[in-house]
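The values are calculated or read from the model by the stated rules, or taken from the named source; none is laboratory data. As the structure is a computational prediction, the values presented were derived from the model and not from experiment. A quick note on method: Cβ atoms are made from the backbone with ideal geometry, for glycine too, and the neighbour counts reach across all protein chains shown.
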Number of protein chains: 2
Amino acid sequence: MKMTKVPYKINLSEEEIPKYYYNLRADMIEKPEPLLNPATREEMTKSELEKVFCSELVDQELDNSNKFIPIPEEIRELYKIYRPSPMIRAYNLEKKLETPAKIYYKFEGNNTSGSHKLNSAIAQIYYAKKQGLKKVTTETGAGQWGTALAIACSLFDMELEVFMVKSSYEQKPFRKNIMKVFGGNVTPSPSDTTKVGREILKINPNTSGSLGCAISEAVEVASMDPNSRYVLGSVLNQVVLHQSIIGLESKIALEKYGEYPDIVIGCAGGGSNLGGLMAPFVGENIKGGRSSRIIAVEPSSCPSLTRGKYIYDYCDTGKITPLAKMYTLGSGFIPAANHSGGLRYHGMSPIISKLYHDGYMEAKSYTQSSVFEAAILFAKSETILPAPESAHAIKAAIDEALKCKESKEEKTILFGLTGTGYFDMLAYESYLEGTMIDHVPTDEELNLANLSEI
Amino acid sequence: MKMTKVPYKINLSEEEIPKYYYNLRADMIEKPEPLLNPATREEMTKSELEKVFCSELVDQELDNSNKFIPIPEEIRELYKIYRPSPMIRAYNLEKKLETPAKIYYKFEGNNTSGSHKLNSAIAQIYYAKKQGLKKVTTETGAGQWGTALAIACSLFDMELEVFMVKSSYEQKPFRKNIMKVFGGNVTPSPSDTTKVGREILKINPNTSGSLGCAISEAVEVASMDPNSRYVLGSVLNQVVLHQSIIGLESKIALEKYGEYPDIVIGCAGGGSNLGGLMAPFVGENIKGGRSSRIIAVEPSSCPSLTRGKYIYDYCDTGKITPLAKMYTLGSGFIPAANHSGGLRYHGMSPIISKLYHDGYMEAKSYTQSSVFEAAILFAKSETILPAPESAHAIKAAIDEALKCKESKEEKTILFGLTGTGYFDMLAYESYLEGTMIDHVPTDEELNLANLSEI
């Protein structure tokens, strides 16, 4: 007999913030494939990577064997400002769905970056500061990563240069302003402040920019200054490592009430949120302990896992990065306009790609209209306005809960609510007014038959 | 010797959510003056008020004697979705200020309404539903109250009609959309859907509207339908009563760590946040228990407490409401444009007005530039982007902390961080670009010499 009703929110104490990041790679039987130098096709070495990333992050990037990486006390102190994040039982949503399933969500949106991105931003800037660096550069599309980084840089008094895709810079002035509040310099990309930017502008003066171009500009600026490094908010092993804090806290919170997820669901763009949320649960699966189904959810318009190829490819459109073995639609793939900017990425974290390839995970995709329908049902039940990215996980969780209703199974479903949708109101408006367009690329459009390993 | 360091966030459990609202009026030695019928100058009766407000809320409005009003279990269940709200120790801000003062803030912004307004919205809609009503109407300016009400109505499946000041409707499309996501109907005011709206449009077809006009339209629509009532998000006794949950939780949280505030600070527009935050602390002051200084903070451009008169006046610009005895700048006073929309009110809650008049409180005012400077210092230290309204309290808290630095006193300062500034980025931009205008009305502009009791 259960003595205690599970509360709506399971809040851990600050002392329960994990003291170690969990490095899932150490437990993986087959490791994710290494990054390659595109010129030589040799494994990227520590010294090559240190030209772009700070040293301790390179160690983390390459570390496939140490299971627990200590979280420095300074990082834990800053996490305490907004963590542990709440684990919430969606009682109202369950009631509305009339499902016997128990639905939990780990809510990462209660900080000013509006998403889980702050977890890795704080870690990356801590290590950069420790190394004596003065400045970091990055690119941002939708703006969550840039905002998280601006907050982290303001905490460590680190200079920040953000190259923001010009179309986003113009369409999302609020995002730009919020980064400026925290002291970040924001430059619309392409710009005339870099060599690569000037070249692009010469060829196409009216371009609205792309993430690939913004990456190229950010890397160029970082590489010109020995006190600068480039930082990235997803895809990389180090980012998935930092985000493991989401999964670790989730596991502790659920265990407190004797719960364990039968299903773990996360939206997947570059993979940072899902990689972090699922890490300890996948670890259990691998070790043959308790077992969970793991589901990655992506937009139908950018179906890297569900329809892409598992090959070596560039991480960026500009082809200046190392090669990663991952599920990809090709580095030249430009997804149709979609309001989930955070999920418009041609590839996928090598860790998630490897696990998916080896059968440890499932993946599914949804059109954006179906995702927004789920988002609104969720908002009206749970009072939180979700980010469109996060709503992909909501949609999958609702579908699984409805299956439980049919099969009369009391499964425990955990999904990651990565962020809030306050800066996505135009997207909601488009859905409410019935003008939202769902694009599912045809096989001809994807043209994967011609996509071969780089 | 202190054994336990006070954590960054003091999270209460859901079981610690208060079971009673605290009715400060019961402990006040002299009670706030009653609402008067402007035609007769008689006290508004229960039956008169029930034409506009639902019955149980009228009881609460008129109740000067019952100290504890039970919070119905259904309301407490809904509070559990987002409450208790965190009490946060501003360690980083203290460090930046190099102050010996201990600064705490009660953060009410972690819900989709972005402010404390949801506390009263849920209560008001619960009582409306219980009475069998089908619909409520209200007005909104900046939009927090309308959003909170839309969320509450979606939880109770109650129809909602919001009259939104036309200038806000056009300038803040995101706010309008968020209300629509939760199912609220939003009409720009003045509109041709009401008699009063049509009359105003006939005289001035190009008017951008006013809060006074929006109130008139909302009241008209409510009064046309026996299943409708009008609801209001501030000023009224009932609203201050519901918001007492802020102060009650604050007191419990601080007591857990042996803390008691020497100073309690809140921004004050209509008074709902400050009235709720300070209630139990003022109660102690009155009873001669522990003692706190209470400080109300308002914009220099709308200085109702610091420069207004304590007289009977209309609560609205349209002069259709009962008269309230309060500090007022006159119901015809139109404050200069200011980015703190929630503080642009000519009057003040009768409870706060009475306490201020009787010397239980202090009040101060700040220009908006000085408030935004404080907001940015706070954001960079504490990672939270505050609403401009809330930043008034931040500014006063910083000033008090700096006084402590000078006097080397380790005072405990508590302020209310009522909400977040995600929808106020244009205001931040204006500050950062140096185009913000500070307006402090001259005595001639206020023209209080000619303001006499209605």
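Tally up the residues in the range B:1-26 that are crowded, with 17+ Cβ neighbours inside 10 Å, more than 14 Å from chain A (Cβ to nearest Cβ) and not aliphatic (A, V, I, L, M), please.
5
Looking only at the range A:323-337, count how many residues are part of a loop (DSSP other than H, G, I, E, B) and buried (at least 22 other Cβ atoms within 10 Å of the Cβ).
So the count comes out to 3.
Got a number for residues in the range A:163-219 being in contact with a helix residue (DSSP H, G or I) (Cβ under 8 Å, 6 or more places away or on another chain), over 30 Å from B:Thr420 (Cβ atoms) and either modelled with pLDDT of 90 or more or buried (at least 24 other Cβ atoms within 10 Å of the Cβ) (or both)?
Count: 10.
Under 9 Å between Cβ atoms, at least 6 apart or on separate chains: pull out the pairs that start in the range B:359-385 with a residue that is within 11 Å of chain A (Cβ to nearest Cβ) and under 22 Å from B:Thr435 (Cβ atoms) and end on any residue that is of a type in the set (Asp, Glu) and crowded, with 22+ Cβ neighbours inside 10 Å.
Within 9 Å, the pairs are B:Leu385/B:Asp424.
Would you call A:Ile252 β-branched (Val, Ile, Thr) and touching a strand residue (DSSP E or B) at 6+ places or on another chain (Cβ under 8 Å)?
So A:Ile252 does not fit the description; no.
From the list A:Ile413, A:Ile437, pick out the single residue that is outside any helix (DSSP H, G or I), at negative phi, in contact with a Lys or Arg (Cβ under 8 Å, 6 or more places away or on another chain) and not aromatic (Phe, Trp, Tyr).
Of the residues listed, the single one that is outside any helix (DSSP H, G or I), at negative phi, in contact with a Lys or Arg (Cβ under 8 Å, 6 or more places away or on another chain) and not aromatic (Phe, Trp, Tyr) is A:Ile413.
Please list, ordered by first then second residue, the pairs with beta carbon atoms under 7 Å, 6 or more apart or interchain, first in the range A:110-129 and in contact (Cβ under 8 Å) with a residue 60 or more places away in the chain, second among the acidic types (Asp, Glu).
From the range A:110-129, the pairs are A:Ser115/A:Glu108; A:His116/A:Glu108; A:Tyr127/A:Glu56.
Give me the strands (runs of 3 or more DSSP E) completely within the range A:53-146, filtered to those with at least 1 residues that are assigned by TED's automatic domain parsing to the domain that holds A:Val165 and buried (at least 19 other Cβ atoms within 10 Å of the Cβ), ordered by residue number.
A:135-140
Condition check ((1) in contact with a strand residue (DSSP E or B) (Cβ under 6 Å, 6 or more places away or on another chain); (2) away from every other protein chain (no Cβ under 14 Å)) across all residues:
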| residue | (1), (2) |
| --- | --- |
| A:Val181 | no, no |
| A:Ser191 | no, yes |
| A:Gly197 | no, yes |
| A:Ile200 | no, yes |
| A:Gly212 | no, yes |
| A:Val221 | yes, yes |
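Being under 24 Å from the mean Cα position of the chain (by Cα) and assigned to a loop (DSSP other than H, G, I, E, B) is the filter; apply it to the range B:1-28 and report the residue that is modelled with the lowest pLDDT.
Only one residue fits best here, namely B:Asn11.
Considering (1) hydroxyl-bearing (Ser, Thr, Tyr); (2) in contact with a Leu (Cβ under 6 Å, 6 or more places away or on another chain); (3) without any contact (Cβ under 8 Å) to a residue 12 or more places away in the chain, say which one B:Thr442 fails and leave the rest.
(2)
Might you let me know whether the range A:31-48 holds any residue that is crowded, with 17+ Cβ neighbours inside 10 Å and in a helix (DSSP H, G or I)?
Within the range A:31-48, not a single residue is crowded, with 17+ Cβ neighbours inside 10 Å and in a helix (DSSP H, G or I).
What are the residues in the range B:302-320 that are surrounded by fewer than 22 Cβ atoms within 10 Å (Cβ to Cβ), in a loop (DSSP other than H, G, I, E, B) and either modelled with pLDDT under 95 or over 18 Å from the mean Cα position of the chain (by Cα) (or both), if any?
Correct list: B:Thr317, B:Gly318, B:Lys319, B:Ile320.
Can you tell me which residue in the range B:42-92 is farthest from the other protein chains (Cβ to nearest Cβ), limited to those that are among the aliphatic types (A, V, I, L, M) and farther than 21 Å from B:Phe156 by Cα?
Looking at the filtered set, the residue picked out is B:Met44.
How many residues are at pLDDT 95 or above and either under 24 Å from A:Ser304 (Cβ atoms) or outside the structural domain of A:Asp358 (by TED's automatic domain parsing) (or both) when one looks only at the range A:261-270?
6
Six or more apart or on different chains, Cβ under 6 Å: which pairs go from a residue in the range B:415-437 that's more than 9 Å from chain A (Cβ to nearest Cβ) to one that's surrounded by 23 or more Cβ atoms within 10 Å (Cβ to Cβ) and of a type in the set (Lys, Arg)? Could you list them?
Filtered contacts from the range B:415-437: B:Gly416/B:Lys106.
Under the condition of being closer than 30 Å to A:Asp262 by Cα and not aliphatic (A, V, I, L, M), which residue from the range A:114-132 is modelled with the lowest pLDDT?
Restricting to residues being closer than 30 Å to A:Asp262 by Cα and not aliphatic (A, V, I, L, M), the top hit is A:Gly114.
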